[in-house]
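Accompanying notes for the structure given below.
The values are calculated or read from the model by the stated rules, or taken from the named source; none is laboratory data. Just so it is clear, the model here is predicted, and its values are computed rather than measured. Note that we place each Cβ from the backbone using ideal geometry, even for glycine, and neighbour counts take in every protein chain shown. The accessibility values were calculated without ligands, DNA or RNA, using every heavy atom of the protein model including side chains. Shrake-Rupley method; radii C 1.70, N 1.55, O 1.52, S 1.80 Å.
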Amino acid sequence: MSATVIRGSEIAQTIRAEIAEEVKKLQQEQQITPGLVTILVGEDPASQSYVAAKNKTAGQLGIHSKQLTLPAETSEADLLEIVARYNQDETIHGILVQLPLPRHIDEGKVLFAIDPAKDVDGFHPVNVGKMVLGEQCFLPCTPHGILELLSRSGVETSGAEVVIIGRSNIVGKPVANLMLQKRDSGNATVTLCHTRTRDLQFHTRRADILIVAAGVAQMIGAEDVKEGVVVIDVGVNRVGETASGKAKLVGDVDFEAVAAKAAAITPVPGGVGPMTITMLMKNTLQAARQAGELQTS
Ligand SMILES: NC(=O)c1ccc[n+]([C@@H]2O[C@H](COP(=O)([O-])OP(=O)(O)OC[C@H]3O[C@@H](n4cnc5c(N)ncnc54)[C@H](OP(=O)(O)O)[C@@H]3O)[C@@H](O)[C@H]2O)c1
């Protein structure tokens, strides 16, 4: 079997065009320009590039974006004060605090301080709780992007055996939750695996849809999957880094080997990554719309 490659970069482009249209409409009809602030504490190179990509995409879609870069020694109290300021700022509809934060700052405290109505990352406990209950809320970007990838590629989740590797709060747990919701994009039978899973291969080989978010380069090979599986590779791993900083990006799945057996598979890069940023833009648009509805009600 030769797999269909699920090209996240192309699907993301389509969704971004839809968002740009909606942004224009919101400006014309309600004079509201969606606004996003990204807050980066410290100089982690990966975080810097993620934040730059988010701001660049926002600009391309007509979303007003503000990039705040704070020194690594910024105190928790100062960061909380900055978040409180943006909670009150009517030109900003979405607040994104780039994770991870330096060790001296309590991440949970900062995420909890963001107004849930501006929590475009979907990490505030109010939004997490609503997601679990199946209520309208900001969905976390990577899991939401995975759902979009599957539905726009015509992959049926209803009744499917979905096996997820990884139980992080930002990927594994929310994906598992969304997949088991009683709605079209869910209705799956879900198995969530992690480092204490006794026989990982037993589970992966049963999967109709395998979602891998472990952060272990090419841990899934052809022997770990069944014929016809749909594979979503969330992992981003830098391998072969040289002194000059050149590294290759690979996923958690051995793409070539698994593609020979799979029905469909996402590449790395160009799979899940572009969808994550796109869903952030979608959430920012949603936040601006909701702010507009509050103004007129
Ligand atoms: N493309 C994107 O937009 C995007 C977004 C987010 C993350 N990512 C990437 O996705 C990967 C996962 O990210 P994350 O933040 O969810 O990672 P994380 O917080 O490090 O969690 C990794 C999870 O994988 C599990 N795991 C690790 N090795 C395993 C193994 N050998 N067998 C079974 N389970 C294993 C861990 O189990 P335990 O809980 O037992 O430790 C943990 O639950 C990373 O490569 C990250 O860069 C990509």
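Note on the chain: antiparallel DSSP beta bridges, both residues inside, total approximately 10 percent of the bridges counted.
Rank-order 71-80, 267-276 by packing density, defined as the average count of other C-beta atoms within 10 Å over each peptide's residues, highest first. Before the final figure, lay out the partial values.
Numbers: 71-80: 13.8, 267-276: 22.3.
Those peptides, ordered most packed to least, come out 267-276, 71-80.
Taking a ≥ b ≥ c as the square roots of the eigenvalues of the Cα gyration tensor of the stretch 143-297, is the shape rounded (a/c under 1.5), prolate (a/b larger than b/c) or oblate? Oblate, since a/c reaches 1.5 and b/c is not below a/b.
Tell me the angle of helix 45-60 to the major Cα principal axis of the chain, expressed in degrees between 0 and 90 and rounded to the nearest ten. With rounding to tens, the tilt is 70 degrees.
Cα axis of helix 8-30 to longest principal axis of the chain: angle in degrees, 0 to 90, nearest 10? Tilt of helix 8-30: around 20 degrees. For helix 76-88, what angle does its Cα long axis make with the longest principal axis of the chain, in degrees from 0 to 90 and rounded to 10? Compared with the principal axis, the helix lies near 70 degrees.
Atom-type composition of the exposed protein surface of the chain places 51 percent of the accessible area on carbon and sulfur (1.4 angstrom probe). Taken along its three principal axes, the alpha carbon spread of the stretch 234-297 comes to 55, 37, 12 Å, from the longest extent down to the shortest.
Within straight-line reach of Lys246, meaning a Cα separation under 17 Å, sit the following aspartates and glutamates at least 8 residues removed in sequence or on another chain: Asp44.
In terms of packing, defined here as the mean over residues of other Cβ atoms within 10 angstrom, the peptides 166-173, 18-25 line up highest first as 166-173, 18-25. In the frame of its principal axes, the chain has Cα extents of 53, 46, 32 Å, reported largest first.
Ellipticity at 222 nm from helices only: DSSP H runs of n ≥ 4 in the chain, each -39500 (n - 2.57), divided by the residue count, give -13000 deg cm²/dmol. Dipole of the stretch 16-75 computed with +1 at Lys/Arg Cβ and -1 at Asp/Glu Cβ about the Cα centre; of Val37, Ala58, Ala20, farthest Cα towards the positive end is Ala20.
Counting only aspartates and glutamates at least 8 places from Lys54 when in the same chain, those with an alpha carbon closer than 13 Å to its own are Asp121.
Evaluate 2.2 N^0.38 Å with N set to the residue count of the stretch 31-117, then give the Cα radius of gyration divided by it. Can you show the working numbers first?
On the way: Rg = 12.7 Å, N = 87, 2.2 N^0.38 = 12.0 Å.
Here the answer is 1.06, to two decimals.
Centroid-to-centroid, using Cα positions, the stretch 130-148 and the stretch 195-245 are 23 Å apart.
Longer than 26 Å from Cα to Cα, which of Lys261/Lys282; Lys56/Lys130; Lys182/Lys282 are they? Say none if no pair is.
Details: Lys261/Lys282 34 Å; Lys56/Lys130 30 Å; Lys182/Lys282 23 Å.
The answer is Lys261/Lys282; Lys56/Lys130.
For the chain, what's the relative contact order in percent, using C-alpha pairs closer than 8 Å and at least 6 residues apart?
Numbers: 589 pairs, mean separation 66.6, N = 297.
Computed value for the chain: 22 percent relative contact order.
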